[in-house]
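**Q** The structure that follows is given in the form of structure tokens.
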Amino acid sequence: MHAESDERRRVAPAAADAAATGDGTGGASHRPPGPATHPTDPTRGQADGPALPADAHEGSGTAGPAAAQAGERPLGSRAPAFIKANRALHLTWQVGVFLIGLAVVAFGVVLLPLPGPGWVVIFAGMALWATEFIWAQLVLRWTKRKVTEAAQRALDPRVRRRNMIITAVGLVISGALIAVYLWKYGFAMPWTIPR
């Protein structure tokens with residue numbers, strides 16, 4: 001996905017710096033001592049977590065200023081601190097969030113063919129997952145970007161003019177077909193017309 005590759009591009013310079021120094025630690029030895037940097041579990045030590053750029057927000061699991069400049073929240077768990085402090089409790093929390101999100105997404109999929117807000121419910125389930133899982137946060141960021149781009153394209157005067165022309169032509173054709181039907185059969189329903 002594009003969102004994942006965007007995040008990789010943000011982290012790639014640190015990996016290149018580590019490769020250039022030849023230390024083989026992925027840049028971990030160049031980080032100042034501080035809280036854990038694992039993207040989903042701050043209770044894990046620095047040696048266990050992935051290598052992050054030196055400018056990364058400690059403990060947030062994000063690529064640092066790039067996310068802050070874009071106005072996006074840092075990647076990582078949004079569980080309360082007392083839950084993150086205990087690994088077993090945090091894992092239980094993640095399983096609970098996953099199962100609740102799965103139930104909401106499944107309910108949204110059921111609503112797709114039925115009358116109801118299926119897509120809204122699916123995105124609500126994704127938002128639940130995004131409180132705990134980085135992959136869901138990346139999917140939601142990508143979706144927000146695409147929706148924003150589509151809205152900007154829709155506001156383009158040329159696109160609006162084209163859409164209005166297509167709508168007008170469709171209405172004229174539909175009106176002509178309805179007029180022909182009414183002229184030929186009157187107000188009779190199709191299933192009541194004798195053959």
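The values are calculated or read from the model by the stated rules, or taken from the named source; none is laboratory data. Everything numeric in this text was worked out from a predicted model, so none of it was measured. Cβ placement follows ideal geometry from the backbone for every residue including glycine, while neighbour counts extend to all protein chains displayed. These accessible areas exclude ligands, DNA and RNA; they are computed on the full protein's heavy atoms, side chains included. Shrake-Rupley method; radii C 1.70, N 1.55, O 1.52, S 1.80 Å.
**Q** Does Val105 satisfy the criteria of being open to solvent by less than 50 Å² (accessible area, probe 1.4 Å), in contact with a Phe, Trp or Tyr (Cβ under 7 Å, 6 or more places away or on another chain) and at pLDDT 90 or above?
**A** In short, no.
**Q** Of the residues in the stretch 100-134, how many are touching a residue at least 60 places away in the same chain (Cβ under 8 Å) and part of a helix (DSSP H, G or I)?
**A** Of the residues in the stretch 100-134, 1 are touching a residue at least 60 places away in the same chain (Cβ under 8 Å) and part of a helix (DSSP H, G or I).
**Q** If you go through the stretch 186-195 one residue at a time, how many are of a type outside the set (Gly, Ala, Ser) and open to solvent by less than 100 Å² (accessible area, probe 1.4 Å)?
**A** Residues meeting the conditions: 4.
**Q** Pairs under 9 Å by beta carbon, first residue at pLDDT below 90 in the stretch 169-195, partner in a helix (DSSP H, G or I), six or more apart or different chains?
**A** What qualifies is Pro190/Tyr181; Ile193/Tyr185.
**Q** A further question follows. If I filter the stretch 154-175 for residues that are under 30 Å from Leu75 (Cβ atoms), polar (S, T, N, Q) and either in contact with a His (Cβ under 9 Å, 6 or more places away or on another chain) or loosely packed, with under 11 Cβ neighbours inside 10 Å (or both), do I get at least one hit?
**A** Taking every residue of the stretch 154-175 in turn, none turns out to be under 30 Å from Leu75 (Cβ atoms), polar (S, T, N, Q) and either in contact with a His (Cβ under 9 Å, 6 or more places away or on another chain) or loosely packed, with under 11 Cβ neighbours inside 10 Å (or both).
**Q** Would you check which residues across the stretch 143-153 are open to solvent by less than 50 Å² (accessible area, probe 1.4 Å) and under 13 Å from the mean Cα position of the chain (by Cα) and list them?
**A** Thr143
**Q** Can you tell me which residue among Leu128, Leu140 is among the aliphatic types (A, V, I, L, M) and open to solvent by less than 40 Å² (accessible area, probe 1.4 Å)?
**A** One residue alone meets the criteria, Leu140.
**Q** Which of the residues belonging to the stretch 80-96 are surrounded by 12 or more Cβ atoms within 10 Å (Cβ to Cβ), more than 12 Å from Phe133 (Cα to Cα) and aliphatic (A, V, I, L, M)?
**A** Matches in the stretch 80-96: Ile83, Ala85, Leu89.
**Q** While we're looking at this one, here's another question. Looking at (1) over 31 Å from the mean Cα position of the chain (by Cα); (2) at pLDDT 90 or above, find the lone condition where Leu138 falls short.
**A** Here Leu138 clears every test but (1).
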